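These notes are about the structure you will find just below.
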Amino acid sequence: MSVAAADWLPSATVTASGRPVLSAGEIERHLLPLADLEPEENPRLAPLRGCLLALTSHRLIFLHEPSLSARALPLASIVHPYPPHRKNSHNPLRSLFSSSSSSSSHHPRIRLQISLPPSRSEVVAVVVTCKADVDVFYGRLVEAIRARAWEVAAAAVPAGGGASVAEGAPPREDLAIRMPVVGVSGILRKEQETWESAGQNLQDAFQDLNALMSKAKEMMELAEKMRQKLLTNQSNSGDEEMGSKQDMQDLLLSVGIVSPVTKETAGALYHQQLSRQLADFVRVPVERAGGMMALVDVYCLFNRARGTELISPEDLLQACSLWDKFDVPVMLRKFDSGVKVIQTKTHSDDEVFARISSLAQKPDALKKGISPTDAAFTLGIAPALAKEHLLNAENKGLLCRDVSPDGFRFYINLFNEIDPQNIYLTKTHGVYHTWISVATAAH
Amino acid sequence: MQRQGDFKLPPFFNYPPYFTLQPVRETREKQVQLWKDLILDYCKSHKMYIISLEEDFPLFSNPNIERSLSYEAKEVFLAALVSEGRAEWIDKSHKKCLILWLRIQDWANYILDFVRENGLEVTTIEDIRSGIETHGTELAGIDRGVLMRALKLLEQKGKATIFKGTSADDEGVKFSA
């Protein structure tokens, strides 16, 4: 089911790899893997079910991954967010263990009083159906609403225009300020407010940290017990009290323990989202590089684009390996020589072979063969990748190699054209004939 | 077309990849086949019986395109001939190879035909190898070892008898057609 029915919310654009498209200055704050949005008062409003919930500085985006569609609730329309409400609120630990297939009454609900145009007041509830720390999410939601980042974007545009006329200073878009910038005192005030909000953010962060620390020891012991139970109960899938193995892994990951009970790598939300983001990012550079790019190059480009939150080579490899599970337009490919590349799925080996074949039959190539550099130049790709293509073509029987003190070159494969019963036969047409006339002219 | 003496080299002798041992199996099979035939033809034409891997063999390099076979390649092609029964390693270390551009059996038949056509009854080994009667035939200059094996084969079939000759260093053959 897609989100089409919920037309009372503005729609949100999704990339080809299932990531929400963010506007300039919109920053992601929190992700919940699975949530519903239930209108509580108005039965005519369609609910949203089974969506990835992305909290950004501007919106609450409900992304339905299977259909690559999304709806977004602007934070500006939230009049009041109510704290999370749970049935088992007296025992938070037990609620963590409750089975995921139970009715929504066990799932935490965050009620929101919203005001959607045209001036309609509604109450909706965000129902968190996955195992997640709802309090952290709520805290970030409140913070994002308070920060009103969407107003900064609106204010920065005219303010930037005014400021550039007044002082020639470039506008800043990433600050949560309310007053327009005018003059040097304006800049000073901006600095002041930046420091204050940074200080406030730090304080909030530390508060979260303190809360976590106090529970840390308890959680570690619990996690160890659960891990032990999992190890012994591997085949017992009907054990509802423990929840599914997937949830368990997520829980362990969130407490900082990565305990690979099996060899499966997919599952953690971080890697899934990274994988999708990588697929989005990588499409344009790969196409520009001729449909194929070495994994090392992608690693450099991606990390440079990310700026500060660098990913490790293992993360990159893992992200690529997850692409099998989604429908993304790129894939990881390993050549016989061990070189790994990322190529677009539309990339066709046959097309490359056709181009190589025609290159190898040009008079110069018939006389002297082609080197990886020649192929790179003609195909418009990196020499290392060109060599892979040439080796591939050799494997298919299109080319032959010539190894000499001059180096490593490839010729069009004439062995197929020679009749072993009649080795002196020179045909009247075809590539063998062309080669003979070119070769004898040279000698 | 290139020639070495009277021997006509085929066009692909100028194809550089011909001198590089091809890694791809199908291509290699075709390459080996071409080299096997070329070696046999060349040796037959030049009446060469022994190829030594450690010495230069004119067929194994082409100065025109500045290419020659690597040691490994030579070994592969000669080993292929040995597998087919058209050659034999003379030494254990596979450094020298006897090329049977006619198999021993074929030599035996050739000798029989020659003997019948020319009405030869008794002759010596040396006469077969370098006598006037065999001048211009395949037998002229035949490798002594090959000749002896062919004659022994005929002896087994009762078509010939080898005996010690009058001089100490030669042997004679009596044919009974």
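The values are calculated or read from the model by the stated rules, or taken from the named source; none is laboratory data. Everything numeric in this text was worked out from a predicted model, so none of it was measured. Cβ placement follows ideal geometry from the backbone for every residue including glycine, while neighbour counts extend to all protein chains displayed. Ligands, DNA and RNA are excluded from the accessible area calculation, which covers all protein heavy atoms including side chains. Shrake-Rupley method; radii C 1.70, N 1.55, O 1.52, S 1.80 Å.
Each residue of the range A:424-431 was assigned a 3J(HN,Hα) from its phi angle through the Karplus expression (A = 6.51, B = -1.76, C = 1.60, θ = phi - 60°), giving 9, 6, 10, 5, 8, 8, x, 5 Hz with x at Gly and Pro.
Sites listed here are GluC sites (Glu not before Pro) in the range B:99-164 whose DSSP assignment is loop and whose Cβ has at most 13 other Cβ atoms within 10 Å: B:E121.
List the residues of the range B:7-23 that lose 20 Å² or more of accessible area once all protein chains are present, compared with their chain alone (1.4 Å probe, heavy atoms only, no ligands or nucleic acids). So the qualifying set is B:K8, B:P10, B:P11, B:F12, B:N14, B:Y15, B:P16, B:P17, B:T20, B:Q22, B:P23.
With a 10 Å cut-off around each Cβ of A:400-407, the average count of Cβ atoms from other chains is 6.
Residue separation of A:K345 and A:Q192 scaled by 0.36 nm, minus their Cα-Cα distance, works out to 50.0 nm of gained length.
Under the combined filter of DSSP loop state and at most 10 neighbouring Cβ atoms within 10 Å, the range B:1-97 retains these GluC sites (Glu not before Pro): B:E54, B:E55.
Please report the buried accessible area for the interface of A with B, total over both chains, probe 1.4 Å, in Å² to the nearest 100. The partial results should precede the final answer.
Details: alone 25010 and 10020 Å², together 32800 Å².
About 2200 Å² of accessible surface is lost on pairing.
Remark: for residue pairs B:K92/B:K159; A:K362/B:K30; A:K396/A:K427; B:K74/B:K157; B:K44/B:K159, the C-alpha separation exceeds 31 Å in B:K92/B:K159; B:K74/B:K157. If R0 is 22 Å, the Cβ-Cβ spacing of B:K44 and B:E171 corresponds to a FRET efficiency of close to 0.25. Taking a straight Cα-Cα cut-off under 18 Å and skipping sequence neighbours fewer than 8 places away in the same chain, the lysines within cross-link reach of A:K229 are A:K245, A:K263.
Of all accessible surface on the range B:60-163 at a 1.4 Å probe, what whole percent is carbon and sulfur? Show your work: numbers first, answer last.
Values: 2650 of 5380 Å².
That share works out to 49 percent.
The trypsin sites (Lys or Arg not before Pro) found in the range B:8-63 that occupy coil by DSSP, while having at most 16 further C-beta atoms within 10 Å, are B:K47. The string of couplings for the range A:193-203 from the Karplus curve (6.51, -1.76, 1.60, θ = phi - 60°) is 5, 4, 4, 5, 5, 4, x, 4, 4, 4, 4 Hz, one whole number per residue in order, with x for Gly and Pro.
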